[in-house]
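Beneath this line is the structure, given in C-alpha cells, with notes to follow.
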Amino acid sequence: MLTEQVSLELANKIGVWLGDCNADACQLRIPLQEGAYFNQPGAYQLAIEQFSRDNPLQGIQHIGFHLEKTDKRK
C-alpha cells in the first residue's frame, strides 16, 4: 500500500473554479503521479479522502480519474 497526500488546487485564491467550465460542471486535469507505473497486471484500488477547511466542500459533486497508457516499461 502506498499513501501520499496531494493538494489538488480546484479554485484560485479568490474562489473562482479552475478548468474548463460550463453551466453544469468544470473539467480540470491535474497530474498526480507522472512517471508512475503498474508493474504487474491486475486489479488496483485508488482511494481519495477530502482534507480541506470546508467539509463537505460545496460545489463538488463528482471526481474522476483517468489513467493513460504508455509504452514505457521498467
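The values are calculated or read from the model by the stated rules, or taken from the named source; none is laboratory data. Computed from a prediction, not measured in an experiment: that's the story for all the values here. Heads up, the Cβs are rebuilt from the backbone with ideal geometry, glycines too, and the neighbour counts pull from every protein chain shown. Quick note on the areas: whole protein, heavy atoms, side chains included, nothing else; ligands and nucleic acids left out. Shrake-Rupley method; radii C 1.70, N 1.55, O 1.52, S 1.80 Å.
Details
- Per-pair calculated FRET efficiency, R0 = 25 Å: Asp54 and Asp24 via Cβ, rounded to 0.05: 0.75
- The residue among Leu10, Phe51, Thr70 whose Cα reaches farthest toward the positive pole of the charge dipole of the chain, with charges on the beta-carbon of Lys, Arg, Asp and Glu, is Thr70.
- Scattering profile of the chain at q = 0.28 Å⁻¹ [log10 I(q)/I(0), Debye over alpha-carbon scatterers]: -1.72
- Fraction of accessible area attributable to carbon and sulfur, the chain (%, probe 1.4 Å): 50 percent
- Rounded accessible area per residue of the chain, 1.4 Å, Å²: 111 Å²
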